[in-house]
Amino acid sequence: MKTPAFQHLLVTGGCGFIGANFIRHLLDETDFAGRVINVDKLTYAANPLSLAAVAEKFPERYVFVRADIADRAALARVFDDYAVDAVCHFAAESHVDRSIVRPDDFIQTNILGTYTLLQLARERLPRIKRFHHVSTDEVFGSLGATGFFTETTPYSPNSPYSASKAASDHLVRAFHETYRLPVTVSNCSNNYGPLQFPEKLIPLMILNALEGQPLPVYGDGRNVRDWLFVTDHCTAVWRILCDGADGATYNVGGRNEMENLAVVNAICALVDELAAPLPGGKSRRDLITFVKDRPGHDRRYAIDCAKIERELGWRPAKSFATGLRRTVQWYLDNAAWVRQVRSGDYQRWIAAHYGA
């Protein structure tokens, strides 16, 4: 892998699930010797305490700035005060159910926020060496029973979330073609692992199973997703930042296609094995409850990640069985983090340190 040409990396959304794991991976597991500037608005799913150990261990190399990526003045100060020369853009509203109820938040952050970052980066050429945009496979829409999404699959988003991400992808590519901004884009499959906010499928099912609460499954549970362990995603993003070709898009997948119902059943089996039994010795599978399907629920996603494997030598390291066991064990071992997130204590900590 090449030595990165940048030293002052702006990471947006670094207090979220994937961003926090990426910053931890970057500073703890790679040879990057520069500085990370984490900009996060600290919305409901962002938790700066997930990076408390990083802030303590790397006080000279880790900087946190609370700011909205759509706030041009605030972001301009970040770019200039910290001599930012590369951007890794994770920040996004990302929960499909919330996008159905409040699409305006998704337009503001995912489209206008991305545009603001692109404009600021463009104005600072040639200092900016790389602008990497992290996106999703949901921009491609729904697959049938066969086939895979590739980097040339036409976009066909079916939810306000995926439409907003598709728009941001197009903006990033347009800034490369029009202004020669050195960009890369990655479209990843469903991430899972430590530090994920409990609204998403896997952590929600783990925590409900631990507490003996119903496990709600949309529709018939046969929707298929490709599951990617979060640290595998982090290694892919770092490889793209260092070695990706300007203007290129890379699909990042786990090669772990699973029906949602099979995922929930696997979680039930692991929680039954690793946690205290339910009263009466019932299986957690008895808690599965089928609920009305959500609007625009894509039937199947599957990623062909041959391009990043072939061109950059990246491959996912975790099987789904290995990654899921590690994830369940993490939530068992980190009950204090879970209580903090579910009770809103971390939001009170944010208010005390950064204001409401």
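The values are calculated or read from the model by the stated rules, or taken from the named source; none is laboratory data. Keep in mind it's a predicted model, so treat the numbers as computed, not measured. Neighbour counts run over all protein chains shown; Cβ positions are idealised from the backbone, glycine included.
Summary table below
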| quantity | calculated |
| --- | --- |
| Members of region 146-165 that are of a type outside the set (K, R), touching a helix residue (DSSP H, G or I) at 6+ places or on another chain (Cβ under 7 Å) and assigned to a helix (DSSP H, G or I) | P160, Y161, S162, S164 |
| Some residue of region 293-308 being more than 20 Å from the chain's Cα centre (by Cα), of a type in the set (A, V, I, L, M, F, W, C) and surrounded by 15 or more Cβ atoms within 10 Å (Cβ to Cβ) | no |
| The lone exception for L261 - which of (1) in contact with a strand residue (DSSP E or B) (Cβ under 9 Å, 6 or more places away or on another chain); (2) of a type in the set (A, V, I, L, M); (3) under 13 Å from M205 (Cα atoms); (4) touching a residue at least 60 places away in the same chain (Cβ under 8 Å) it fails | (4) |
| Helices (runs of 4 or more DSSP H) wholly inside region 59-107 that include at least 1 residues being charged (D, E, K, R) and in contact with a Leu (Cβ under 8 Å, 6 or more places away or on another chain) | 72-81 |
| Lone unmet requirement of (1) surrounded by 16 or more Cβ atoms within 10 Å (Cβ to Cβ); (2) of a type in the set (A, V, I, L, M, F, W, C); (3) over 20 Å from the mean Cα position of the chain (by Cα); (4) not in a loop (DSSP other than H, G, I, E, B) for A174 | (1) |
| Verdict on D169 being under 29 Å from S50 (Cα atoms) and modelled with pLDDT of 95 or more | yes |
| Hey, R225 in contact with a helix residue (DSSP H, G or I) (Cβ under 8 Å, 6 or more places away or on another chain), farther than 30 Å from F6 by Cα and without any contact (Cβ under 8 Å) to a residue 24 or more places away in the chain or not | no |
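Table: residues versus (1) touching a helix residue (DSSP H, G or I) at 6+ places or on another chain (Cβ under 6 Å); (2) free of Cβ contacts under 8 Å to residues at least 60 places away in the same chain; (3) aromatic (F, W, Y).
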| position | (1), (2), (3) |
| --- | --- |
| A245 | no, no, no |
| G253 | no, no, no |
| V271 | yes, no, no |
| G280 | no, yes, no |
| L287 | no, no, no |
| D293 | no, no, no |
